[in-house]
Amino acid sequence: MAERDSTGRETRRRDTAAARATAVGLLAAIAGWVGRLIALVLVLHVVLVMGNANPDNPIASFVAGIAEPLALAFKTLFTPEDAKLGLLVNYGLAAVFWLVVTSVVTRLIRRLG
């Protein structure tokens, strides 16, 4: 048990450090979940397209609408003759990119926190 002076400084330092560690952990966890969710949306879009889902279906069009901007510049990186192969490779690379970026960001948050 830490000693307290008349103002309780030691206790406040421990409480502040614990609160900061909790906040940093929460922020890193949120960043991790956001990145994994983005990758999941991209993979789901690939699965729907490769499985010949009806593009007019509300679910398929909703997922496509979200996935397209998340693919960033990867969506036109490779342009093979087979459009499905291009989508598989490009959106797959985008998903991997988001997972790598998420890993780096969460490590930075934890290290800087």
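Summary of values
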| item | result |
| --- | --- |
| Residue list for segment 30-61, restricted to those being of a type in the set (Gly, Ala, Ser) and either assigned to a helix (DSSP H, G or I) or in contact with a strand residue (DSSP E or B) (Cβ under 6 Å, 6 or more places away or on another chain) (or both) | 31, 32, 35, 39, 60, 61 |
| Residues of segment 23-63 satisfying the condition of being among the small types (Gly, Ala, Ser) and under 16 Å from the mean Cα position of the chain (by Cα) | 25, 28, 29, 31, 32, 35, 39 |
| Yes/no for residue 24 being among the β-branched types (Val, Ile, Thr), farther than 12 Å from residue 95 by Cα and out of contact with any strand residue (DSSP E or B) (no Cβ under 8 Å at 6 or more places or on another chain) | yes |
| Matching residues, segment 101-113, being more than 15 Å from residue 73 (Cβ to Cβ), within 15 Å of the chain's Cα centre (by Cα) and exposed (fewer than 15 other Cβ atoms within 10 Å of the Cβ) | 103, 104, 107, 108 |
| Qualifying position, being closer than 30 Å to residue 109 by Cβ, modelled with pLDDT of 95 or more and in contact with a helix residue (DSSP H, G or I) (Cβ under 7 Å, 6 or more places away or on another chain), among 29, 64, 71 | 71 |
| Residues that are loosely packed, with under 12 Cβ neighbours inside 10 Å and either in a helix (DSSP H, G or I) or hydrophobic (A, V, I, L, M, F, W, C) (or both), drawn from segment 68-99 | 69, 73, 76, 83 |
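The values are calculated or read from the model by the stated rules, or taken from the named source; none is laboratory data. Computed from a predicted model, the values in this text were never measured in an experiment. Backbone-built Cβ (ideal geometry, glycine too); neighbour counts: all protein chains shown.
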